[in-house]
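Chemist: Pasting a structure here, questions to come.
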């Protein structure tokens with residue numbers, strides 16, 4: 001005879017409450033590390049982060065094995081949301097429309113996730129997982145650019161193509177976004193189109 005253990009409504013409610021507390025606690029830790037790095041603090045301990053998040057160090061170690069684990073989990077949480085921004089599926093449109101679409105994707109990434117991404121960049125000097133994540137992002141964005149504009153690449157000087165890629169890199173666009181704000185997409189699209197159009201062999 002099989003034995004089935006049925007949880008009462010009160011037990012389920014208790015478990016739901018516990019899961020909600022854990023989720024909120026982890027979010028507080030992620031927000032804490034972003035805020036502390038933004039303040040210029042990169043030599044962080046678990047105790048520092050836990051204090052800022054309003055939890056005990058013991059609770060921190062229940063949530064995360066290490067600060068490296070925290071970084072990896074933070075990136076895993078945003079990965080499904082940014083996957084479409086890193087797509088290698090090339091739109092079958094004109095050069096101008098492709099540039100506009102790529103720049104919109106990258107500016108959207110900057111607008112939405114730059115605080116976390118910048119925190120990871122700052123921590124990359126101290127944590128291997130952060131360094132690897134930053135390098136992986138840059139390689140993916142570079143490969144995406146090369147894939148989206150492979151047809152144009154065959155018709156132009158390689159140094160010029162590389163320079164345009166740097167102009168459209170995450171770091172470059174982030175600086176432009178800080179200066180141009182909501183005008184970034186239109187201004188950068190026009191400039192990049194001009195760079196592609198004037199392409200001496």
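Chemist: Hey, can you rank 78-88, 108-118 by average C-beta count inside 10 Å, highest first?
Modeler: The most tightly packed comes first, giving 108-118, 78-88.
Chemist: Measure nothing but the geometry: give the 0 to 90° angle between the long axis through the Cα atoms of 184-197 and the longest principal axis through the Cα atoms of the chain, rounded to 10°.
Modeler: Tilt relative to the chain: about 40 degrees.
Chemist: How much length is gained on full extension from residue 92 to residue 76, taking 0.36 nm per residue of separation minus their Cα-Cα distance?
Modeler: Working it through step by step, the gained length comes to 2.7 nm.
Chemist: Computed on alpha carbon atoms, what radius of gyration and Dmax characterise the chain, expressed in Å?
Modeler: According to the Cα coordinates of the chain, Rg and Dmax are 22.0, 81 Å.
Chemist: Before anything else, pin down the relative contact order of the chain: Cα pairs under 8 Å, at least 6 apart, normalised by residue count, whole percent.
Modeler: Relative contact order for the chain comes out at 21 percent.
Chemist: Would you calculate a helix-derived [θ] at 222 nm for the chain, using -39,500 (n - 2.57) for each DSSP H run of n ≥ 4 and dividing by the full residue count, to the nearest 500?
Modeler: The helix contribution divided over the chain gives -24500 deg cm²/dmol.
Chemist: Once R0 is set to 22 Å, what does the formula 1/(1 + (r/R0)^6) return for the Cβ-Cβ distance between residue 21 and residue 113, expressed as a FRET efficiency to the nearest 0.05?
Modeler: E(calc), rounded to 0.05, equals 0.30.
Chemist: Further, regarding this structure: Note down the relative contact order for region 24-121 as a percent, whole number, built from C-alpha pairs under 8 angstrom at least six residues apart.
Modeler: Relative contact order for region 24-121 comes out at 31 percent.
Chemist: Would you mind calculating the gained length between residue 31 and residue 45 on full extension (0.36 nm times residue separation, minus the Cα-Cα distance), in nm to one decimal?
Modeler: Gain on extension, residue 31 to residue 45, equals 3.5 nm.
Every read-out reported here was derived from the displayed coordinates using simple, explicitly stated rules and does not represent laboratory data. Just so it is clear, the model here is predicted, and its values are computed rather than measured. Every residue, glycine as well, gets a Cβ built from its backbone with ideal geometry; the counts of neighbours run over all protein chains shown.
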